[in-house]
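The next block holds one structure in the form of structure tokens; read it before the comments.
Nothing in this text is a laboratory measurement; each read-out follows from the coordinates by a stated rule. Remember, predicted model here, so these are calculated numbers, not experimental data. Here the Cβ is made from the backbone with ideal geometry for all residues, glycine too, and neighbour counts use every protein chain on show.
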Amino acid sequence: MTPDRMLAGIGALSALVGVVGGAFGAHALRGRLTPDLLAVFETGIRYQVYHALALFAAAWAHGRFGGTLAVWAGWLFVAGTVIFSGSLYGLALSGVRALGAITPLGGVCLIVGWGCLAYAILGGR
């Protein structure tokens with residue numbers, strides 16, 4: 001399987017999980033979580049869906065320009081989503097505030113992923 005096809009497939013699956021998670025939050029968690037924890041959960045969903053779409057951009061960039069940076073961007077988006085959104089889901093569902101301490105590591109992965117994608121599109125490899 002080509003890297004661009006793999007990234008696009010992971011993006012589609014991540015978007016699917018994001019939509020299901022959003023529905024779960026809107027219907028099953030509303031009233032069970034405090035408003036601040038529900039907002040944390042919704043932030044995780046929002047960033048997951050954003051970066052599911054970013055995986056399509058990384059797949060497109062790899063298919064269009066080749067090189068490895070777009071693939072690196074895609075894997076950084078995957079890692080960032082798992083760490084960033086995953087820690088927010090864990091925090092919201094468990095109430096364990098210490099999980100928020102690892103959230104910034106996921107944010108760094110997402111930021112570096114966007115940098116890699118920009119460089120891949122602007123002429124890097």
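Between Ser94 and Leu53, the FRET efficiency estimated from the beta carbon spacing at R0 = 25 angstrom works out to 0.35.
Seen from Ala92, the other residues with C-beta closer than 10 Å to its C-beta sum to a net charge of -2, counting Lys and Arg as +1 and Asp and Glu as -1. With angles folded into 0 to 90 degrees, how steeply does helix 3-24 sit against the dominant principal axis of the chain? Use alpha carbons for both and round to 10. Compared with the principal axis, the helix lies near 20 degrees. Mark the label point 7 Å from the Cα of Arg64 along Cα→Cβ and return the residues of segment 93-125 whose backbone N is within less than 16 Å of it. Answer for this model: 114-125.
Each 10 Å bin from 0 upward holds the following percent of the Cα-Cα pairs of the chain: 16, 41, 28, 13, 3. What fraction of the Cα pairs in segment 43-104, stated in percent, has a spacing above 21 angstrom? Roughly 31 percent, rounded to a whole number. Computed from label points 7 Å out along Cα-Cβ, the spacing between Val20 and Leu122 is 3.8 nm.
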